[in-house]
Amino acid sequence: MQGLDPSDLFRVRELLSDDERQVQETVARFVDERVLPIIGEAFEHDRFPRELIPEIASLGLLGCNIQGYDCAGLNNVCYGLVCQELERGDSGLRSFVSVQGSLCMHPIASMGSEEQKRRWLPAMARGEKLGCFGLTEPDGGSDPGNMKTIAKRDGGDWIINGAKMWITNGDLADLAIVWTMTDDGIRGFIVEKGMPGFTTREIKRKFSLRASVTSELFFENVRVPDANRLPRGEGLGAPLSCLTQARYGISWGVVGSAIACYREALAYAKQRVLFGRPLSHTQTIQRRLADMSRRITTAQLLALQLGRLKDAGNMHHAQVSMAKWNNCRMALDVARDARDLLGAAGITVECCPIRHMLNLESVITYEGTETIHELIVGRELTGVAAF
Ligand code: TGC
Ligand code: FAD
């Protein structure tokens, strides 16, 4: 009988269609050839590798699961595989694609006017226009319903005042999807770069997601025409529905980070000789590698089932919460264990686990912290909100 592939013990790839495998292989090649050679340097120097955007766009990865408007129209399993392969490179790159596609193009596609869709979606799919998503505020991201940023009606316009914090792509973006409180509840607006009173400031000195731009957004009497309001984006459910899309992608993406760490740990354990034998010949090292493989395999299967449910139109947001929680925790634990297994070498940028581990500290926090996702699942089980 044929041996098993240590990177795919349960032959999850065989559960994919030919098209899905092809998408995965294409993105994997891009990551191997174009991302891995530069990503350590980018992370070290706190630099988002902007030069990769044209290629990411030409591969059709921006808004790839949106139908029409020059988007690739792939299924959701393909979108998950795209996230997995990109995050095998770096969480920063997957973040860029998540924000552009799930958090900016998705609300325009699902809540925008026809004019907004035609104006923004094709240009965003081509990577010519970049977006960011402003929900979190300085006073507390877990409870966005309590937002302080306000939009007041003024004739045919709106006047926005407030601030958003920790915004991925903020300083790169040509447009920001901004969630505000109005007299009629929460509403979303497309705020454009250059609108008077709208400014951004990059947040530096991060130890995590260094190959990603994170910013603050400030709104001081920003006048926005009503044509820039998302006509169907009403209530807290509107931004939360965008989070569901991005959290879905993260559930797949972090499997890629874990695979990268596990592969490096496995290779190292086979070649590192200590006490007269390779590390991989010792019981505890084998148990740790087996445990990484077990965790990755179960996370892969969870992500795939989530994708099949989403493609069938049957996915519930509490399922997404469980997958985001489980898979981020899995990836962070695998990255930390792989870092340890590499010994001192594991603390350098030459080895990927510490970079993934530091990135995953953000990934387990953003898009809902681990606790918030536990509580979302708890609410679903008990019927009681305990936030
Ligand atoms: P709650 O009463 O639960 O919900 C209000 C309304 O929304 C509906 N809803 C959802 N709809 C779609 N998708 C979801 N995931 C939804 N969750 C809830 C809900 O049915 C309700 O509808 P209706 O019609 O009854 O009004 O609201 P709550 O105030 O109790 O809050 C619940 C809680 C804590 C779960 C929510 O606030 C939450 O998820 N907090 C975490 C915030 C968060 O995740 N922020 C992320 C910011 S974006 C980001 O981090 C980007 S990083 C990207 C990157 O770089 O990759
Ligand atoms: P808080 O909400 O202040 O939480 C602090 C702690 O309290 C956490 O441990 C939390 O789990 C815990 N906690 C909260 N409520 C409860 C409760 N009821 N019971 C028990 N414990 C609780 N946001 C955007 O809008 N757009 C972006 O593009 C974006 N990008 C980001 C990029 C990075 C690199 C990072 C780090 C964050 C980003 N965020 C973004 C913000 C992110 O979504 C928030 O950081 C996150 O939602 C948590 O909010 P907070 O940081 O204010 O923590």
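Of note:
- Membrane-span-like helices in the chain, defined purely by DSSP H runs whose alpha carbon atoms cover 30 Å or more axially and whose average Kyte-Doolittle hydropathy reaches -1.0, are 237-271, 283-311, 317-341.
- Amide H contacts of Trp158: Val224, Asp226, each under 5 Å away and 5 or more positions distant or on a separate chain (H built 1.01 Å from N in the peptide plane; Pro and chain starts excluded).
- Per-residue Cβ neighbour rank within 10 angstrom, fewest leading, Ile159, Ile39, Ile296: Ile159, Ile39, Ile296
- Across Lys206/Lys310; Lys148/Lys310; Lys117/Lys206; Lys204/Lys324, pairs whose alpha-carbon gap is larger than 31 Å: Lys206/Lys310; Lys148/Lys310; Lys117/Lys206
- Ranked list, fewest to most other Cβ atoms within 10 Å of each Cβ, for Val82, Val384: Val384, Val82
- When only Cα pairs below 8 angstrom with a gap of at least 6 residues are kept, the chain shows a relative contact order of 18 percent.
- Here the gap between Thr298 and Asp143, fully extended at 0.36 nm per residue and compared with their Cα-Cα distance, gives a gain of 52.7 nm.
- Listed from fewest to most Cβ neighbours within 10 Å, the set Met315, Met124 follows the order Met315, Met124.
- Relative to the current alpha-carbon distance between Arg21 and Leu309, full extension at 0.36 nm per residue lengthens the span by 101.8 nm.
- Note on the stretch 351-387 and the stretch 193-224: Cα centroid distance 24 Å, given to the nearest whole angstrom.
- The stretch 100-233: relative contact order as a whole-number percent, Cα under 8 Å and 6+ apart: 28
- The packing ranking of peptides 274-285, 166-177, 95-106, highest mean first, is 95-106, 166-177, 274-285, where packing means the average number of other beta carbon atoms within 10 angstrom of each residue.
- Dividing the mean sequence gap of close Cα pairs (under 8 Å, 6+ apart) by how many residues the stretch 278-385 holds gives a relative contact order of 25 percent.
- For the chain, share of DSSP beta bridges that run antiparallel, in % to the nearest 5: 85
Read-outs: derived from the displayed coordinates by stated rules, not from any lab. Because the structure is a prediction, the values reported are computed rather than measured. With ideal geometry, Cβ positions are generated from the backbone for all residues, glycine too; neighbour counts draw on all protein chains shown.
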